Amino acid sequence: MKLLSIIMAAILGLTYGQYYFGFIFSQKICLFAGITLIMPSLFKVQLSDIKLAYTHRGVILKSIIVNYTIIPAIALSIGLLTDNFGIAAGIFLLSVLSGGGMVMHWINKSDGDTSVGFIILFINLVFISLSLLMLHTFGIYTASYFDESYIDGPNISNFARAVIILLIIIPFVVSRVVIFIKPLKEFILDKRSYISNISIFLIVFYLFGLQSSQALFELYDFERELIYISFIAIVVFYIAIFLVAKFVYKLDSKQEKAAFWHTITRYITLALVISTFSTGTFGVSMILPIMFAYIIQIPFAVYIDKFVGFKKEELK
């Protein structure tokens, strides 16, 4: 049902943009995502949990190494094989944006350590500037391989500060307030799945309704084969990162399970936002793998949740 909702939201967003000139991007969408998707997951997190960064430094360091070296290397390899600059850039962007708005949901649902999960989420968001620098480096050194010119577009690194404020600081502050309003907290927890589904629908509708997303229609008319190439590439990418995560992490540990989810899920919404400002640099095909990631990641995560759920009773 959630996958069907996302597909419908994407179709409606593209249709709206086609007939009503599309939306102009606003950072308020990030705040909306932070409040509706991240904030409810923070009720169990306490400021004292920051000490866990040292206690579980081994797991956190392992997560950083995997997400900023191994996964980007896999994405680079797959991207080069696609022979398309935009698709390769889209996959690489996904590879350097770990976790996402729903990662805390999956950690909590699979009985992982939400406190460690939040710390890793915070670290990944602080590293947004590093992620954007890695994307910039990717453009510099691979453009010649694809016989493309690379001219750095808008300074998307300006998003880094806004992302930390809108997706971490404000949701955390709001969660501290809501905790003291028990009826509101109970309502949010009780209706959390509905809130999440509605939120994702609205976010996808908005992002696919952006003016920049309309260029996908031209791509469909003139380079239709890129759609199939992109789909196959992103499927291979998710299979590869699952195999890496399954090998690296011990799923009988709550802390490693939190790191596991931060590896097999990508921050698709943020990737889509950044890609809309980068199509002039990498090409509109950059949006394709990110669009397909929406279709693949959710059922993929549902399947993985059932898989790792086999050992819930053994968790430490």
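A few comments on the model shown:
- Using R0 = 22 Å, the C-beta based FRET efficiency linking residue 26 and residue 197 works out to 0.50.
- Accessible area (Å², per residue) of segment 1-89, counting only protein heavy atoms and a probe of 1.4 Å: 53 Å²
- Of the DSSP H helices in the chain, those whose Cα atoms cover at least 20 Å axially and whose Kyte score averages 1.6 or more: 225-248, 287-308
- Above-threshold pairs, the threshold being 24 Å between Cα atoms, out of 44/109; 182/250; 44/257; 51/185; 44/246: 182/250; 51/185; 44/246
- Accessible surface of the chain, 1.4 Å probe, proportion on carbon and sulfur as whole %: 67 percent
- Gaussian network model of the chain, springs between alpha carbon atoms under 10 Å - residue of 278, 131, 253 with greatest fluctuation: 253
- Candidates 59, 202, 136 compared by Cα position along the dipole of the chain: farthest toward the positive end lies 59, with charges placed on Cβ.
- Size of charge dipole - the chain - debye, nearest 20, with Cβ of Lys, Arg +1 and Asp, Glu -1, no other charges: 1380 debye
- Centroid-to-centroid, using Cα positions, segment 1-22 and segment 232-280 are 24 Å apart.
- Taking each DSSP H run with n ≥ 4 as -39500 (n - 2.57) and averaging over every residue of the chain yields -21000 deg cm²/dmol at 222 nm.
- Here percent of Cα pairs over 36 Å apart was computed from the coordinates, and among [x] 53; [y] 14; [z] 39 the match is [y].
- Taking Cβ atoms as reference points and 11 Å as the exclusive limit, the residues near residue 103 contribute a net charge of +2, counting Lys and Arg as +1 and Asp and Glu as -1.
The values are calculated or read from the model by the stated rules, or taken from the named source; none is laboratory data. It should be emphasised that the depicted structure is a prediction, and the values quoted were computed from it without experimental measurement. Don't worry about glycine lacking a Cβ; one is built from the backbone with ideal geometry, like all the others, and counts go over all protein chains shown. Note: areas computed on protein heavy atoms with side chains; ligands, DNA, RNA excluded. Shrake-Rupley method; radii C 1.70, N 1.55, O 1.52, S 1.80 Å.
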